[in-house]
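Nothing in this text is a laboratory measurement; each read-out follows from the coordinates by a stated rule. None of these values were measured; they are calculated from a predicted model.
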Amino acid sequence: MSAPPLLEVADLEMRFGGLIAVDQLSLTAAAREITAIIGPNGAGKTTLFNCLTGFYRPTGGRMVLHHPNGALALDRMDGYRIAARANVVRTFQNIRLFPGMTVLENLLVAQHNTLMRASSFSLAGLFGLARFRRAERAALERARDWLARVDLLDVADLAAGTLPYGAQRRLEIARAMCADPVLLCLDEPAAGLNARESSALGALLLEIRAEQAIGILLIEHDMSVVMGVSDHVIVLDHGRKIADGAPAAVRHDAAVIKAYLGEDDDAALPPAVAADLRAGQGGA
């Protein structure tokens, strides 16, 4: 891996009673790269994200983020500090916008911590001090910039819950970017999108990788998106890593095909099923 490591996970374990959801998992994700985490349903992908972002405290192992301000042990941090201090930001499988707020307000909420610091926790804001006014203007500019990037600037004043599904997906990514992530964790961002929207999503992720110089972790079942944008693919099955490498190599890995399709060979499978696994071959 040519890029420097951003995230290092070693022997990670997450147990729920007798169930082992993540089993001695080790992986590395690089800065300035898109690392896809794929696998069948129940493979442990979202559980991994929940550990990384502080929703779960793992029962074993280490998670180290090489933050620009110094290495941080995510497994030892309180959950709320992982976003605020480590700048690990995520989206979810199910859309979690504030539907009654406007599109613009959703992006301002993402900058709440920055604005609160600038207001000296409300004092400067209460008296309208110049420092807070500057921070407020910067937050608005940042929000509008990201709305323009995801083609939502013209609906900035509409309630977020009134947007079409695909637009809400884009808004979630814009909101995450307004939180100034060092590591962006996207949980099935292409879920429910049509082919045109999925293609636009892939282009957006490549733009973020190129221009923002952050690491992106991507959980996704749409193989055309995965193979089209990923620099590195990690495959999980029953909480264990079964493949790790470049998209072209992972696509043809026998263990991966077996995990997804239940066969060592996909020759006898329905064409649509086999094509889904091997989609995006030309873009990897």
- Message: Spelling out what I want: for every residue of the stretch 146-157, take phi, set θ = phi - 60°, compute 6.51 cos²θ - 1.76 cosθ + 1.60 (Karplus), and round to whole Hz; glycine and proline get x.
- Response: 6, 5, 5, 5, 9, 6, 10, 4, 6, 10, 4, 9
- From phi via Karplus (6.51, -1.76, 1.60), per-residue ³J(HN,Hα) for the stretch 235-246 in Hz, x at Gly/Pro: 10, 10, 8, 6, x, 10, 7, 10, 7, 7, x, 5
- What is the set of long-range amide H partners of Glu188 at a cut-off below 5 Å, with H atoms built 1.01 Å from backbone N? Ile219, Glu220
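How big is the equivalent ellipsoid of the stretch 1-94 along its three axes, where each semi-axis is √(5λ) from the Cα gyration tensor, reported in whole Å from largest to smallest?
So the equivalent ellipsoid measures 20, 16, 13 Å along its semi-axes.
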